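J.: Right, I'll just put the structure down here and ask away after.
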DNA sequence: GCCGTTTTCGGCCCGACTGTTTTCAGTCG
């Protein structure tokens with residue numbers, strides 16, 4: 001049972017309670033608990049053993065008990081009761097954009113819709129029009145959301161896939177027959193979503209490895225099992241493929257199964273030109289003599305190249321760069337010195353105190369943390385006076401606390417419909433760090449969205465644009481805007497672009513990071529944590545940054561606090577001067 | 001179901017937006 005599995009049961013309970021019209025606050029409690037469990041840096045089972053589950057925010061005695069039950073049995077009493085009253089397929093229907101609990105309930109009770117399949121039929125047959133408030137526009141929106149949903153759900157977010165991969169790999173590594181066990185494929189390349197897991201094992205006794213692999217407790221189905229190759233499906237729905245190879249082929253196989261396909265083709269073409277042959281079993285000359293295969297580095301060396309980090313292997317210039325000795329020195333986790341987008345209890349949706357945030361930041365070795373609560377156009381967001389009061393509180397606390405990160409007084413200010421900011425410039429100019437983000441009216445035209453972002457950048461009082469595309473993976477597409485024009489403005493005004501590391505955002509994405517770098521715009525990698533323990537999510541951002549070719553120098557919070565603000569400091573000074581009589 | 005410097009009961013975010021409507025329900029952030 002991984003954290004994601006426990007979270008999934010809790011989240012199903014939330015949805016089923018919701019569709020039954022149960023207490024909405026209970027629904028929210030389940031949902032929040034699911035999020036907290038899903039975001040934990042370590043296994044929830046360890047906290048349970050230590051008896052500290054109830055110290056987590058949003059988890060009280062009842063949910064702690066349910067988590068215990070789920071860990072032991074895979075489900076719990078209340079989940080079973082709910083599942084007996086509501087078809088479980090309803091849970092999935094609720095994930096469709098624009099379709100909430102009320103509509104799901106109507107669909108189920110009036111039309112007998114119980115899963116995605118029957119929903120599709122109800123739409124296709126036109127019966128869905130029998131529901132109240134179901135006109136042609138909603139019908140079309142739902143049909144399109146359903147199509148997009150089915151395409152998206154085929155893949156699992158990387159951060160979850162990695163947990164499953166590590167769990168299985170550790171199990172395999174414990175076998176005496178196993179010399180090495182590694183994840184290949186898109187997990188190793190750190191792609192943001194993963195279709196299935198590709199695992200490789202180096203061993204001279206494949207039979208024993210196969211036995212262990214196909215009898216993992218999580219297995220729902222053994223799809224195939226041969227002598228050196230097997231596929232299973234886990235309870236979570238994830239497919240896992242395993243290949244077992246002898247040690248002298250392991251490096252070549254690791255390269256081959258890491259891909260990407262187009263990178264492999266490019267490298268093989270290069271090998272052919274050099275008169276050698278590359279396969280998953282090794283590198284061979286014309287006579288079939290083995291030149292390399294045990295280590296991946298040797299495979300690259302055989303084709304005259306330095307080792308290329310897996311994250312770059314997309315046939316997007318990495319082979320040329322390797323040839324010229326111009327591969328980037330990719331960012332690593334330890335390079336990050338601070339986090340510049342963190343919410344405290346002052347935001348309606350923040351859940352941790354400044355002290356808790358500081359303590360987690362200290363544990364992670366952060367040198368600085370910007371507290372950036374929401375501005376007033378968000379519910380319970382801060383108005384001008386409140387922002388300044390909050391800033392005073394942050395600064396005075398930071399002066400008192402010793403030995404940990406410096407707390408910076410910041411704000412996440414909303415970019416309004418016309419591109420103006422939700423707080424006066426003279427207030428923003430008095431803060432240490434200002435993130436500006438769009439949280440509403442996502443569906444304006446490309447021109448309007450671009451203008452909103454550019455105007456915010458040109459305000460002179462903004463340090464970074466938060467989650468610049470607004471996308472939520474598997475849920476909401478990015479809004480339409482001209483990234484290159486926004487980057488040009490950002491470059492001109494010294495404004496950074498955020499790489500928001502929340503696992504459902506990862507925004508900027510890898511390609512956009514690379515564009516930012518090429519445009520000479522620095523990126524900031526932020527957790528956007530709403531609970532203190534989620535500060536560590538920046539590690540997901542580092543994965544994306546590496547795929548985006550980012551180096552330490554490209555990431556502003558990989559440097560000291562003294563170098564955070566550049567252009568904006570001058571603007572602040574100007575405002576101060578103007579404010580003088 | 002959680003939570004508490006308003007503490008063991010009684011709150012818990014609420015306004016904007018949209019498509020459907022003659023006055024608002026449902027969804028979203």
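J.: Would you call residue A:238 within 27 Å of the chain's Cα centre (by Cα) and within 19 Å of residue A:182 (Cα to Cα)?
T.: Judged against the criteria, residue A:238 is a match.
J.: Among A:452, A:546, A:505, which is assigned to a helix (DSSP H, G or I), within 16 Å of DNA strand B (Cβ to nearest atom) and touching a strand residue (DSSP E or B) at 6+ places or on another chain (Cβ under 7 Å)?
T.: Every option except A:452 fails the conditions.
J.: Within the stretch A:69-86, take every residue that is within 27 Å of the chain's Cα centre (by Cα) and outside any loop (DSSP other than H, G, I, E, B) and give me the one that is farthest from DNA strand B (Cβ to nearest atom).
T.: Top of the filtered list is A:71.
J.: What pairs can you find where one residue is in the stretch A:72-100 and touching a residue at least 40 places away in the same chain (Cβ under 8 Å) and on the phi > 0 side of the Ramachandran plot, the other is in a helix (DSSP H, G or I) and within 10 Å of DNA strand B (Cβ to nearest atom), and their Cβ atoms are less than 6 Å apart, with a gap of 6+ or different chains?
T.: Between residues of the stretch A:72-100 that are touching a residue at least 40 places away in the same chain (Cβ under 8 Å) and on the phi > 0 side of the Ramachandran plot and residues that are in a helix (DSSP H, G or I) and within 10 Å of DNA strand B (Cβ to nearest atom), the close pairs are A:98/A:141; A:98/A:145.
J.: Quick one: which of A:421, A:408 is more than 15 Å from DNA strand B (Cβ to nearest atom), in contact (Cβ under 8 Å) with a residue 40 or more places away in the chain and more than 20 Å from residue A:454 (Cβ to Cβ)?
T.: Going through A:421, A:408 in turn, just one is more than 15 Å from DNA strand B (Cβ to nearest atom), in contact (Cβ under 8 Å) with a residue 40 or more places away in the chain and more than 20 Å from residue A:454 (Cβ to Cβ): A:408.
J.: Here's something else I'd like to know. Might you let me know whether the stretch A:339-360 holds any residue that is at pLDDT 95 or above and part of a loop (DSSP other than H, G, I, E, B)?
T.: no
J.: Looking at (1) more than 16 Å from DNA strand B (Cβ to nearest atom); (2) part of a loop (DSSP other than H, G, I, E, B); (3) crowded, with 21+ Cβ neighbours inside 10 Å, find the lone condition where residue A:486 falls short.
T.: Checking residue A:486 against (1) more than 16 Å from DNA strand B (Cβ to nearest atom); (2) part of a loop (DSSP other than H, G, I, E, B); (3) crowded, with 21+ Cβ neighbours inside 10 Å, the one that fails is (2).
J.: Among the listed residues A:202, A:262, identify the single one that is touching a residue at least 24 places away in the same chain (Cβ under 8 Å) and out of contact with any helix residue (DSSP H, G or I) (no Cβ under 9 Å at 6 or more places or on another chain).
T.: Just one listed residue meets the conditions, A:262.
J.: Looking at residue A:108 and the list (1) within 10 Å of DNA strand B (Cβ to nearest atom); (2) surrounded by 14 or more Cβ atoms within 10 Å (Cβ to Cβ); (3) more than 32 Å from the chain's Cα centre (by Cα), which single condition is not satisfied?
T.: Status for residue A:108: all satisfied but (1).
J.: Also, I was wondering about something else. Go through (1) under 12 Å from residue A:19 (Cβ atoms); (2) within 8 Å of DNA strand B (Cβ to nearest atom) one by one and return the number of the condition residue A:93 breaks.
T.: (2) is the only condition that residue A:93 fails.
J.: What is the one condition in (1) within 24 Å of residue A:43 (Cα to Cα); (2) assigned to a strand (DSSP E or B); (3) touching a residue at least 24 places away in the same chain (Cβ under 8 Å) that residue A:243 does not satisfy?
T.: (1)
J.: Looking at the stretch A:28-55, which of its residues are within 12 Å of DNA strand B (Cβ to nearest atom) and touching a residue at least 40 places away in the same chain (Cβ under 8 Å)?
T.: Correct list: A:36 only.
J.: Turning to a different aspect of this structure: Starting from residues that are without any contact (Cβ under 8 Å) to a residue 60 or more places away in the chain and assigned to a helix (DSSP H, G or I), keep the ones in the stretch A:12-26 and report whichever is farthest from DNA strand B (Cβ to nearest atom).
T.: Step by step, filter the stretch A:12-26, then rank; the result is A:14.
J.: Given (1) closer than 30 Å to residue A:234 by Cα; (2) within 12 Å of DNA strand B (Cβ to nearest atom); (3) not in a helix (DSSP H, G or I), where does residue A:113 come up short, assuming only one miss?
T.: Against the list (1) closer than 30 Å to residue A:234 by Cα; (2) within 12 Å of DNA strand B (Cβ to nearest atom); (3) not in a helix (DSSP H, G or I), residue A:113 comes up short only on (2).
J.: Still on this structure, please answer the following. Which condition does residue A:481 not pass, out of (1) more than 16 Å from DNA strand B (Cβ to nearest atom); (2) under 25 Å from residue A:561 (Cβ atoms); (3) under 24 Å from the mean Cα position of the chain (by Cα), if it passes all the others?
T.: It is condition (2) that residue A:481 fails.
J.: Moving on. Quick one: count up the residues across the stretch A:457-470 that are out of contact with any helix residue (DSSP H, G or I) (no Cβ under 7 Å at 6 or more places or on another chain) and more than 16 Å from DNA strand B (Cβ to nearest atom).
T.: Total meeting the criteria: 1.
J.: Moving on. Taking the stretch A:307-318 as the region of interest, how many residues are surrounded by fewer than 19 Cβ atoms within 10 Å (Cβ to Cβ) and assigned to a helix (DSSP H, G or I)?
T.: 0
J.: Also, quick follow-up: Check residue A:62 against each of (1) modelled with pLDDT of 90 or more; (2) farther than 24 Å from residue A:164 by Cα; (3) surrounded by fewer than 22 Cβ atoms within 10 Å (Cβ to Cβ); (4) in contact with a helix residue (DSSP H, G or I) (Cβ under 6 Å, 6 or more places away or on another chain) and name the one condition it does not meet.
T.: Unmet for residue A:62, out of (1) modelled with pLDDT of 90 or more; (2) farther than 24 Å from residue A:164 by Cα; (3) surrounded by fewer than 22 Cβ atoms within 10 Å (Cβ to Cβ); (4) in contact with a helix residue (DSSP H, G or I) (Cβ under 6 Å, 6 or more places away or on another chain): (4).
J.: I need a count of the residues in the stretch A:252-306 that are assigned to a loop (DSSP other than H, G, I, E, B), more than 36 Å from the chain's Cα centre (by Cα) and at negative phi.
T.: Looking only at that region, the number is 6.
J.: Kindly list the number of the only condition in (1) farther than 19 Å from residue A:500 by Cα; (2) surrounded by fewer than 20 Cβ atoms within 10 Å (Cβ to Cβ); (3) within 16 Å of DNA strand B (Cβ to nearest atom); (4) in contact (Cβ under 8 Å) with a residue 40 or more places away in the chain that fails for residue A:362.
T.: Single failed check for residue A:362: (3).
J.: Right, here's the next one. If residue A:104 satisfies all but one of (1) under 21 Å from residue A:236 (Cβ atoms); (2) touching a residue at least 60 places away in the same chain (Cβ under 8 Å); (3) assigned to a helix (DSSP H, G or I), what's the number of the condition it fails?
T.: With (1) under 21 Å from residue A:236 (Cβ atoms); (2) touching a residue at least 60 places away in the same chain (Cβ under 8 Å); (3) assigned to a helix (DSSP H, G or I) applied to residue A:104, the lone miss is (1).
The values are calculated or read from the model by the stated rules, or taken from the named source; none is laboratory data. Remember, it's a predicted structure, so these values are computed and weren't measured experimentally. Reconstructed Cβ throughout: ideal geometry from the backbone, glycine too, with neighbour counts over all protein chains shown.
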